[in-house]
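Peer 1: One structure follows; several queries about it will come next.
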Amino acid sequence: MFACLDDFERHAERTLDRNALDYYRSGAQDMVTVRENRRAFDRLCIRPRVLRDVSSVSTVTRLLDHSVASPICIAPTAMQRMAHPEGELATARAAERRATCMVLSSWSTASIEDVAHASAGLKWLQLYVYKDRETTRRLIERAQDSGFAAIALTVDTPELGRRLPDIRNRFRLPPHLTMANFSSADKAQVGGSEEGNSGLAAYVASQIDPSLSWADVAWVKSIARVPVLLKGILTAEDARLAVQAGVDGVIVSNHGGRQIDSVPSTIAVLEEVFCAVNGAIPVFLDGGVRRGTDVFKALALGARAVFLGRPVLWALHYKGEDGVTEMLDLINEELRLAMALAGCASIADITRQHVGPLAHLPRL
Ligand SMILES: Cc1cc2nc3c(=O)[nH]c(=O)nc-3n(C[C@H](O)[C@H](O)[C@H](O)COP(=O)(O)O)c2cc1C
Ligand SMILES: CC(C)CC(=O)C(=O)O
């Protein structure tokens, strides 16, 4: 019986093959940011209120225009069939079962159409801008035609971060799997890299356009008939530009510490971004969220919802759809309990006053 999200990871460490395990868990270079994403949550304290009648606590909230059972959603993570044979299909079914949102990576090992077929739940597509703009346009159109409700454009990956285990392992996608949204071999296969690089870094360099700029954001918006969000915003400056660009939301994300190392944790910059957008668009967060109390802290500092990355992969590996469902149940119960103990019966009751710095000394 698993008692917390970390237990799913411990299980994967014992049972998942090294190529996949290292790819899933690694971060960039010294993994300073990976550790910060966790530690920064621990440096915040919750300021509970009492005598608030928490006999009935609801985590129901809204995600853009949709109602969801909880503000805990699923971040896009690539190549989920390395974790479990049903990969993204199982994840999508679990998200639907628990009435939350799944963001599908455009580098998934099940296609947009197959995921849509597997689950009628709320889904967004994560998008990279490819050198081949027609490929990018097709992905947007296919997602829309398949009922995906939003596009999350990842803006922090003009090149792949330097992940040492993938370089040492010369990461490759197992040959029985493909990047299922693409048919041509150059886009569908990953691996067999040259010395001194990971197969993935070479793949990204061959596909992704490092010239990505605000002009591309306008281009994506001109094609999309659904809301467009930017994933990977970490500063007030870029948050203000995002509002000017007319996007429908920003996800405060450092890509789980996998892109540039030594950037701040996401929870540390959330409030800066939240204040910069000044209520114009919703702000979301991912990175290091492992506890119901982490979710509570993020909501108190302005996030409308949070997204889980690696825990979904560990849970998927453990038991497919049932594993992801169990993991979501666990952290949702932690959130419900945190809300009850902090005196919040609804998501709207969670306010800025409910968090403070850990070393919050009263004035004498
Ligand atoms: C194995 C793995 C693959 C990922 N693939 C993608 C991806 O394809 N697109 C993307 O925008 N982000 C990707 N991310 C980043 C996640 O969406 C998210 O930002 C991050 O995992 C959140 O941090 P957490 O893992 O600590 O929860 C990936 C992360 C991991 C761990
Ligand atoms: C295929 C990868 C570049 C996906 C990704 O964003 C990641 O591994 O962090």
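The values are calculated or read from the model by the stated rules, or taken from the named source; none is laboratory data. The structure presented is a predicted model; accordingly, all values stated were derived computationally and were not measured. Here the Cβ positions follow ideal geometry from the backbone for every residue, glycine too, while neighbour counts run over all protein chains shown. Note: areas computed on protein heavy atoms with side chains; ligands, DNA, RNA excluded. Shrake-Rupley method; radii C 1.70, N 1.55, O 1.52, S 1.80 Å.
Peer 1: Could you check how many residues of the stretch 195-214 are charged (D, E, K, R) and either crowded, with 19+ Cβ neighbours inside 10 Å or within 16 Å of ligand 1 (Cβ to nearest atom) (or both)?
Peer 2: Looking only at that region, the number is 1.
Peer 1: Report, by residue number, each residue of the stretch 4-37 that is part of a helix (DSSP H, G or I) and surrounded by fewer than 18 Cβ atoms within 10 Å (Cβ to Cβ).
Peer 2: The answer is Asp6, Asp7, Arg10, His11, Glu13, Arg14, Thr15, Arg18, Val32, Arg35.
Peer 1: Of the conditions (1) closer than 30 Å to His66 by Cβ; (2) of a type in the set (D, E, K, R); (3) open to solvent by less than 60 Å² (accessible area, probe 1.4 Å), Lys221 fails just one. Which one is it?
Peer 2: Among (1) closer than 30 Å to His66 by Cβ; (2) of a type in the set (D, E, K, R); (3) open to solvent by less than 60 Å² (accessible area, probe 1.4 Å), Lys221 violates only (3).
Peer 1: Out of all the residues in the stretch 137-153, which are open to solvent by 10 Å² or more (accessible area, probe 1.4 Å) and part of a helix (DSSP H, G or I)?
Peer 2: Selection gives Arg137, Arg138, Glu141, Arg142, Gln144, Asp145.
Peer 1: Every residue in the stretch 90-100 that is in contact (Cβ under 8 Å) with a residue 60 or more places away in the chain and either under 22 Å from Thr154 (Cα atoms) or in contact with a His (Cβ under 8 Å, 6 or more places away or on another chain) (or both), please.
Peer 2: Residues satisfying the conditions are Ala90, Thr91, Ala95, Thr100.
Peer 1: Test Leu341 against the stated conditions and say whether it is in a helix (DSSP H, G or I), more than 16 Å from Tyr24 (Cα to Cα) and either more than 20 Å from the chain's Cα centre (by Cα) or within 14 Å of ligand 1 (Cβ to nearest atom) (or both).
Peer 2: yes
Peer 1: Could you tell me whether Glu134 is outside any loop (DSSP other than H, G, I, E, B), closer than 26 Å to Asn19 by Cα and without any contact (Cβ under 8 Å) to a residue 60 or more places away in the chain?
Peer 2: no
Peer 1: Contact list please: Cβ distance under 7 Å, first residue in the stretch 211-222 and in contact (Cβ under 8 Å) with a residue 12 or more places away in the chain, second residue open to solvent by 50 Å² or more (accessible area, probe 1.4 Å), pairs at least six apart or on different chains.
Peer 2: Leu212/Pro158; Trp214/Leu241
Peer 1: Asp65 fails exactly one of the following numbered conditions: (1) modelled with pLDDT under 95; (2) surrounded by 14 or more Cβ atoms within 10 Å (Cβ to Cβ); (3) of a type outside the set (Lys, Arg). What is the number of that condition?
Peer 2: If we test Asp65 against (1) modelled with pLDDT under 95; (2) surrounded by 14 or more Cβ atoms within 10 Å (Cβ to Cβ); (3) of a type outside the set (Lys, Arg), just (2) comes out false.
Peer 1: Looking at the structure I just gave you, is Arg172 at pLDDT below 95, more than 14 Å from ligand 1 (Cβ to nearest atom), over 18 Å from the mean Cα position of the chain (by Cα) and in a loop (DSSP other than H, G, I, E, B)?
Peer 2: Considered against the rule, which asks whether it is at pLDDT below 95, more than 14 Å from ligand 1 (Cβ to nearest atom), over 18 Å from the mean Cα position of the chain (by Cα) and in a loop (DSSP other than H, G, I, E, B), Arg172 comes out as yes.
Peer 1: Considering each of Leu299, Leu308, Leu270 in turn, give the residue that is in contact with a strand residue (DSSP E or B) (Cβ under 9 Å, 6 or more places away or on another chain) and farther than 24 Å from Val57 by Cα.
Peer 2: The conditions single out Leu270.
Peer 1: Still on this model: Just for the stretch 94-120: of the residues that are open to solvent by less than 30 Å² (accessible area, probe 1.4 Å) and in a helix (DSSP H, G or I), which one is nearest to Ser206 (Cα to Cα)?
Peer 2: Ile112
Peer 1: Quick one: what pairs do we get from the stretch 137-159, first residue within 11 Å of ligand 1 (Cβ to nearest atom), second of a type in the set (Lys, Arg), C-beta under 7 Å, 6+ apart or different chains?
Peer 2: If the second residue must be of a type in the set (Lys, Arg), the pairs left are Ala152/Lys231; Leu153/Lys231; Thr154/Lys231; Val155/Lys231.
Peer 1: Same structure, new question: Within the stretch 144-169, how many residues are away from ligand 2 (no atom under 15 Å from the Cβ) and more than 26 Å from Ala116 (Cβ to Cβ)?
Peer 2: Qualifying residue count for the region: 1.
Peer 1: Still on this structure, I have one more. In this structure, does Asp156 turn out to be surrounded by fewer than 17 Cβ atoms within 10 Å (Cβ to Cβ) and within 25 Å of Asp216 (Cβ to Cβ)?
Peer 2: no
Peer 1: For the stretch 95-125, name all the residues that are within 16 Å of ligand 1 (Cβ to nearest atom), under 20 Å from Thr61 (Cα atoms) and either among the hydrophobic types (A, V, I, L, M, F, W, C) or in contact with a Lys or Arg (Cβ under 7 Å, 6 or more places away or on another chain) (or both).
Peer 2: Scanning the stretch 95-125 gives Ala95, Cys101, Met102, Val103, Trp124.
Peer 1: Sort through Thr77, Thr91 and tell me the only one that's part of a loop (DSSP other than H, G, I, E, B), open to solvent by less than 80 Å² (accessible area, probe 1.4 Å), within 16 Å of ligand 2 (Cβ to nearest atom) and at pLDDT 95 or above.
Peer 2: Just a single option satisfies the conditions, and that option is Thr77.
Peer 1: Considering only helices (runs of 4 or more DSSP H) fully contained in the stretch 210-321, which possess at least 1 residues that are within 16 Å of ligand 2 (Cβ to nearest atom)?
Peer 2: Ranges flagged: 266-277.
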